[in-house]
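Notes follow the structure.
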Amino acid sequence: MRADGKKAKRQLSIAKGQLEGISKMIDQGAYCLDVSNQIMATIALLKNLNIAVLSAHLEGCVTEAAKDGDEKALHEKIAEVESVLERLSR
């Protein structure tokens with residue numbers, strides 16, 4: 001992975017803590033909208049992390065394939081990104 005690993009791990013740790021907090025909120029019978037807000041915050045964090053990973057992929061792997069002049073590898077990398085974008089749009 002070409003993204004900043006330390007930052008990614010830190011964000012995942014935060015998301016894990018948020019999920020544990022959400023679980024406790026549910027156990028404690030917290031107000032539905034408070035739970036929903038925490039879920040949305042966790043989703044936003046993970047979406048931002050995913051953007052960072054995809055950006056690093058574009059800047060690293062895809063750019064590298066283009067610089068190497070390997071058209072087959074470049075088209076494969078582009079197809080991979082297109083696939084991810086398609087899944088994100090669902």
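The values are calculated or read from the model by the stated rules, or taken from the named source; none is laboratory data. Owing to the predicted nature of the structure, the values given are computational and were not obtained by experimental measurement. Note: ideal-geometry Cβ built from the backbone for every residue, glycine included; neighbour counts use all protein chains shown. Note: accessible area is taken over every heavy atom of the protein model, side chains too, but ligands, DNA and RNA are not part of it. Shrake-Rupley method; radii C 1.70, N 1.55, O 1.52, S 1.80 Å.
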State whether one or more residues within the stretch 49-69 are at positive phi and open to solvent by less than 70 Å² (accessible area, probe 1.4 Å). yes
Just to check your reading of the model, which residue among LYS67, LYS72, LYS77, LYS24 is free of Cβ contacts under 8 Å to residues at least 24 places away in the same chain, under 25 Å from ARG10 (Cβ atoms) and part of a helix (DSSP H, G or I)? LYS24
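Residue-wise test of (1) over 16 Å from the mean Cα position of the chain (by Cα); (2) not hydroxyl-bearing (Ser, Thr, Tyr).
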site	(1), (2)
ALA30	yes, yes
VAL35	yes, yes
THR42	no, no
LEU45	no, yes
LEU49	no, yes
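So that you can scan it fast, the table gives a plain yes or no per residue for (1) β-branched (Val, Ile, Thr); (2) over 28 Å from SER89 (Cβ atoms):
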site: LYS24; (1), (2): no, yes
site: ALA30; (1), (2): no, yes
site: ASN50; (1), (2): no, no
site: VAL53; (1), (2): yes, no
site: HIS75; (1), (2): no, no
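Looking only at the stretch 16-49, count every residue that is within 29 Å of ILE78 (Cβ to Cβ) and in contact with a Leu (Cβ under 8 Å, 6 or more places away or on another chain) and tell me the total. It would help to see each step written out before you state the result.
Let us first name the residues in the stretch 16-49 that are within 29 Å of ILE78 (Cβ to Cβ), namely 43-49.
Filter once more, keeping what is in contact with a Leu (Cβ under 8 Å, 6 or more places away or on another chain): 49.
Within the stretch 16-49, residues that are within 29 Å of ILE78 (Cβ to Cβ) and in contact with a Leu (Cβ under 8 Å, 6 or more places away or on another chain) number 1.
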Tally, over the stretch 31-48, of residues that are of a type in the set (Phe, Trp, Tyr) and open to solvent by less than 60 Å² (accessible area, probe 1.4 Å): 0
